[in-house]
Amino acid sequence: MYKPDTKGTKMQPPHPDIAEVVLTPGQIEEIVQALGARITQDYEDTQPLLVCILKGASPFMSDLMRSIALDIDIDFMSVSSYGNATTTSGTVKILKDLDTPIKDRDVIIVEDIVDSGLTLARLTAELAKREPRSIEIATFLLKDVQAPRKVDIKPRYAGFTIDNRFVVGFGLDYAEKYRNLPYVGVLKREVYENNK
Ligand code: 5GP
C-alpha cells in the first residue's frame, strides 16, 4: 500500500496516479514557514483575520496559521464563481459565508492557487463592500500564465510560482480526489483522459 512520508524531503514512492512530484513535503514546509514569517513581520501591530477559502486551502491554512507568531483570528468561506468565465462581470456565489464581521479588520484571504485570478478578484470586490481596513491575499501557488491575466490580481503573499500545468495534492483536487496528498504533483495524463 502507498504510504506517504510527511517528515521531510525524502518520500516514499508517490501515489500511482502521480507523474511527477513538483513540491515535496519538506519544500512545502519551507515555503509556508517563509510566508508565515513575512506575515508575522507585516502585521505585528494588528490582529489579522485569516479567511480560508474551502476546501482547497484547508491544509495551507492549517500550516500557515501555525507559522504566524501573532494573535490572529480565523474564519472560513466557501464560494463558487459563476457568470462569464472570462470576465470579471460575473459574481461569486457564497455557499458558506463568514461568521465574523470584517468591518475595520485586516483581512488576509488564504487561497490554494491563483490561476486566472477571476474567483479571487470577484471575492475581494465582494468583501471590500463590508469595509475592512485592509484586504490582502495569501496564495500557496501562483500559476505562471503566459498571457497577462485578464484581471488585475496581485497576491501580496505567493508561496511558489508553478508553470501552467494542472497539479493536485496539499488540498488541490481532481474530481475531489488527491486533496490529502502531502506533496504537490502533476497527474498522469491517462488519469484525466480515462475520465473524459
Ligand atoms: P481562478 O479563478 O484563479 O482561475 O481559479 C482558481 C481555482 O481554480 C482554484 O481555487 C482551484 O480550485 C482551481 N485550479 C486552478 N488551477 C488548478 C490546478 O492546477 N489544480 C487544481 N487542482 N485546481 C486548480
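We did not get these values from a lab; they are worked out from the coordinates using the rules stated. Everything numeric in this text was worked out from a predicted model, so none of it was measured. Every residue, glycine among them, receives a Cβ derived from its backbone with ideal geometry; neighbour counts consider all protein chains shown.
Could I have the simple spin-label model distance between D115 and E20, label points 7 Å from Cα toward Cβ, reported in nm to one decimal?
Modelled inter-label distance: 1.8 nm.
Please find the FRET efficiency linking S62 to N194, where r is the Cβ-Cβ separation and R0 is fixed at 30 Å, and quote it to the nearest 0.05.
0.40
Quickly work out the E44-to-K154 label distance, labels modelled 7 Å from Cα along the C-beta direction, and quote it in nm with one decimal.
Going by the 7 Å Cα→Cβ label model, 2.5 nm.
Once you list every other residue whose beta carbon is under 9 Å from the beta carbon of S116, what net charge do they have if Lys and Arg are +1 and Asp and Glu are -1?
+2
³J(HN,Hα) across region 176-182 via Karplus (A = 6.51, B = -1.76, C = 1.60, θ = phi - 60°), whole Hz, x for Gly/Pro?
6, 9, 6, 4, 8, 5, x
What's the ranking of 60-73, 92-105 by average number of surrounding C-beta atoms within 10 Å, highest first?
The packing order, highest mean first, is 60-73, 92-105.
Once amide H atoms are placed 1.01 Å from N in the peptide plane, what residues at a sequence separation of 5 or more from T139, or on another chain, have their amide H within under 5 Å of its amide H?
The list, which skips near neighbours in sequence, is E111, Y157, A158, G159.
Under a point spin-label approximation (7 Å from Cα along Cα-to-Cβ), what is the D97-D173 distance to one decimal in nm?
The modelled label-to-label distance comes out at 2.4 nm.
Convex hull volume of the Cα atoms in the chain, per residue, in Å³?
Expressed per residue, the convex hull around the Cα atoms of the chain is 129 Å³.
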